[in-house]
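Worksheet for the structure shown next.
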Amino acid sequence: MFVALRDLRHARGRFTLMLVVIAMITFLVTFLASLTAGLSRESTSAVTDLPADHLAFAMPAPDDAPDFTASTVTPDQWQAWADAPGVTSADPLGVMTTRAESSTTTAPVTALGVEPGSVLLPGPARDLATGTVALSADAAAALAADVGDRVDVAGAELRVGAVVDEEVSFAHTPVVWTTLGDWQAVAAPRGDGPTATVVALTLDEPDATVAATDAALGTVTVTTAQARSAIGSFSAENGSLTTIQVFLLAISALVVGAFFTVWTISRAGDVAVLKALGASTRYLLRDAMGQAVVVLVLGVGAGTAVAVVAAALLGGAVPAVVGVATTLVPAVALVATGFVGAALAIVRITRIDPHAALAAR
Amino acid sequence: MDLHLDRITLVYPDGDETLTAVDDVSLTVPAGTTTALLGPSGSGKSSLLAVAGGLTRPTSGDVRIGEDVAFGPHTPLRAATRTRLEQVGIVFQAPQLLASLTALEQLELHAHLRGRRPATVRDEATALLGEVGLADLAHRHPAQLSGGQRQRVAIARALVGSPDVLLVDEPTSALDHERGTQVVELVTRLARERGAAAVIVSHDASTLGSVDRTVRIVNGRLETAEALVPG
């Protein structure tokens with residue numbers, strides 16, 4: 001990059017401008033990725049953090065997509081799942097977003113109904129008894145309630161048996177755990193007898209088990225990661241934010257491509273001279289692409305750093321999650337798409353005729 | 001090594017017709033001598049220079065450097081580029097220096113193009129800048145040099161790596177008579193000292209007093225050739 005690095009120094013105003021633009025786009029993409037991950041977690045952590053790998057839904061119609069608001073599984077179904085070969089555990093789980101009221105305030109919560117002693121209960125709440133409720137840290141904070149207090153969950157008055165020091169939420173509401181019996185009492189179960197929303201499964205051989213058991217029981221079984229789509233708010237939110245990120249990536253590629261198009265056109269005379277002096281096309285492409293990579297890496301690096309700092313500073317105000325998936329992955333994607341944009345612009349070097357160097361400038 | 005232009009013809013497409021820019025020209029330039037190609041605008045002298053430097057493929061005929069065919073009608077682009085890099089130095093009508101490189105770096109670039117560290121030619125580059133009278137200005141960028149100084153850097157750049165052939169296109173067009181004459185004298189002297197076969201294209205005969213031979217080209221054909229004067 002003999003010429004490229006010297007061009008960067010010589011035309012530092014133009015390249016600085018480009019760096020700032022790339023850094024700004026990177027900031028937007030990275031911060032948005034952090035925000036998407038944070039919102040996703042607020043919407044789905046009650047599902048993704050379950051100690052299970054699959055969830056079996058029972059939808060009103062066989063072709064319906066899994067949906068937590070419409071699924072109802074019966075005791076026969078979860079018992080049949082528990083008896084199916086290759087199933088390590090099968091626990092009924094009731095899910096209901098409702099309103100909770102303490103002596104001082106009210107807050108929206110999601111009540112998870114779980115059988116006492118189930119592995120689905122967090123450790124401190126494993127001995128949850130009928131008539132009691134375990135609160136997640138956020139639910140306790142929202143209700144200003146502590147162990148021993150009484151809270152009303154969807155009309156059922158329960159005593160707080162435990163406060164779990166975990167941030168677990170569903171559809172942006174904090175989670176509380178009740179026994180399945182208490183949950184069934186307030187969730188207005190449909191169908192015959194007491195029901196739950198889904199069956200949480202741990203499977204030894206999912207491929208062999210799921211299809212046959214689903215067909216026999218009329219359930220629809222998906223992984224806990226796939227089950228996120230069964231939360232309405234997650235699908236809409238995640239889809240919108242991901243679309244914005246894709247658009248920003250495309251805009252980034254266009255901006256970088258446009259810059260290097262103008263830059264390559266402006267130095268066409270230099271390229272012709274270099275070719276006339278004996279520079280191979282491969283040398284010139286390597287030089288120019290190296291220059292693009294330097295600009296991209298510096299711009300993306302700066303933008304990522306600003307986004308990480310901003311996410312850290314605003315962590316209490318917005319649900320931004322900083323991690324490899326929200327920083328490194330967008331950064332690599334931005335460098336890659338920017339590289340493609342630059343490559344499409346720089347490839348015009350191959351068409352520059354060294355004969356043009358004979359023309360006076 | 002001598003430069004041989006053997007029956008060079010260059011025909012350009014010109015709408016539905018064709019235009020013969022160079023018509024069956026043969027010319028030999030012995031090593032260490034300078035031949036001036038003189039002629040009016042559009043006579044074909046720059047086209048002949050482009051063929052001699054492998055910038056344009058001839059329609060027919062060959063360019064030989066020594067005994068080897070350097071550029072012909074079917075020479076691959078990559079081979080022509082390699083030959084230019086290793087055996088041909090070109091000075092353009094305008095100096096065509098790269099704005100981001102200092103005078104010294106313009107010369108060191110040659111080493112980098114050949115895959116070597118620029119430092120490997122630093123001594124030669126410094127000496128060449130000294131020979132063209134710019135030793136003190138080695139670290140200046142083109143914008144910090146006068147037109148004549150830029151032209152001399154371009155001449156020094158063309159001589160890095162001791163090319164067998166030195167091609168100079170209208171070196172005096174932007175200079176006054178005195179400076180133009182000095183530039184031609186510089187090219188002639190350096191070509192002689194370094195044993196390069198040099199060709200200078202010019203339309204101004206008054207600056208060419210120092211060259212070994214003057215060849216006139218009109219309508220793409222050699223018209224007259226003055227006798228080679230021993231240097």
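The values are calculated or read from the model by the stated rules, or taken from the named source; none is laboratory data. Here the structure is a predicted model, which means the values were calculated and not measured. For neighbour counting, all protein chains shown are included, and Cβ atoms are generated from backbone atoms with ideal geometry for every residue, glycine included. Surface accessibility is based on the protein's heavy atoms, side chains included, excluding ligands, DNA and RNA. Shrake-Rupley method; radii C 1.70, N 1.55, O 1.52, S 1.80 Å.
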Any chance you could get the radius of gyration and Dmax over the Cα atoms of chain B, in Å? 17.1, 54
Percent antiparallel among DSSP beta bridges confined to chain B, nearest 5, equals 55
Residues from region B:92-115 losing no less than 30 square angstrom of accessible surface in the full protein assembly compared with the chain alone, 1.4 angstrom probe, ligands and nucleic acids excluded, are B:92, B:93, B:94, B:96, B:98, B:99, B:100, B:101, B:105, B:109, B:112, B:113
Under the Karplus relation 6.51 cos²θ - 1.76 cosθ + 1.60, θ = phi - 60°, what is the ordered set of whole-Hz ³J(HN,Hα) values for region A:142-154, x standing for Gly and Pro? 5, 9, 6, 10, 9, 4, x, 6, 10, 10, 9, 10, 6
Amide H neighbours of residue B:70 under 5 Å, at least 5 residues apart or on other chains, H built in the peptide plane: list them. B:63, B:64, B:65
Quick one: 3J(HN,Hα) in Hz for region B:60-71, Karplus 6.51/-1.76/1.60 with θ = phi - 60°, rounded, Gly and Pro as x. 8, x, 10, 9, 10, 10, x, 9, 8, 6, 8, 9
To the nearest 20 debye, what is the magnitude of the charge dipole of region B:84-231 about its Cα centre, counting +1 on the Cβ of each Lys and Arg and -1 on the Cβ of each Asp and Glu? 360
With all protein chains present, how much of the accessible area of the protein assembly as shown (probe radius 1.4 Å) comes from carbon and sulfur, to the nearest whole percent? 56
For chain A, give the share of DSSP beta bridges that are antiparallel, in percent and rounded to the nearest 5; count only bridges with both residues there. 80
Quick one: which residues, 5 or more positions from residue B:89 or on another chain, have an amide H under 5 Å from its amide H? H modelled 1.01 Å from N in the peptide plane, none for Pro or chain starts. B:165, B:166, B:167
Only helical DSSP H runs with n ≥ 4 go in: add -39500 (n - 2.57) per run for chain A, normalise by residue count and round the 222 nm mean residue ellipticity to 500 deg cm²/dmol. -17000 deg cm²/dmol
If you average the C-alpha positions of region B:1-40 and of region B:129-157 separately, how far apart do those two centres end up, in angstrom? 30
Specify which residue in the list A:201, A:131, A:82 is farthest towards the positive end of the charge dipole of region A:51-223, using unit charges on the beta carbon of Lys, Arg (+1) and Asp, Glu (-1), about the Cα centre. A:131
Per residue, in Å², the accessible surface of region B:3-225 once ligands and nucleic acids are set aside, probe 1.4 Å: 40
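How much accessible area per residue does region A:51-223 have, in Å², with a 1.4 Å probe?
On a per-residue basis, region A:51-223 sits at 43 Å².
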Can you tell me how the protein assembly as shown classifies by the Cα gyration tensor, rounded, prolate or oblate, using a/c under 1.5 as the rounded cut? prolate
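If you take the accessible area of A alone plus B alone and subtract the pair, what total do you get in square angstrom, rounded to 100, with a 1.4 Å probe?
On the way: alone 16800 and 10820 Å², together 25260 Å².
Counting both chains, the buried surface is close to 2400 Å².
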Between region A:280-297 and region A:335-361, how many Å separate their Cα centres? 10
Scalar couplings 3J(HN,Hα) for region B:113-118 by Karplus 6.51 cos²θ - 1.76 cosθ + 1.60 (θ = phi - 60°), nearest whole Hz, x for Gly and Pro, are 4, 8, x, 10, 5, x
Note on region B:95-150: alpha-carbon gyration tensor, axes a ≥ b ≥ c; rule is a/c under 1.5 for rounded, else prolate if a/b larger than b/c, else oblate; result oblate
Rounded to the nearest Å, the spacing of the alpha-carbon centers of region A:195-267 and region A:159-176 is 26
Dipole size in debye (nearest 20) for region A:51-223 around its Cα centre, Lys and Arg Cβ +1, Asp and Glu Cβ -1? 460
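Rounded to the nearest 20 Debye, what is the dipole magnitude of the protein assembly as shown about its Cα centre when Lys and Arg each give +1 and Asp and Glu each give -1 at the C-beta? Don't skip to the end; give the middle numbers.
Values: 40 positive and 59 negative charges, 656 e Å.
With Lys and Arg at +1 and Asp and Glu at -1, about 3140 debye.
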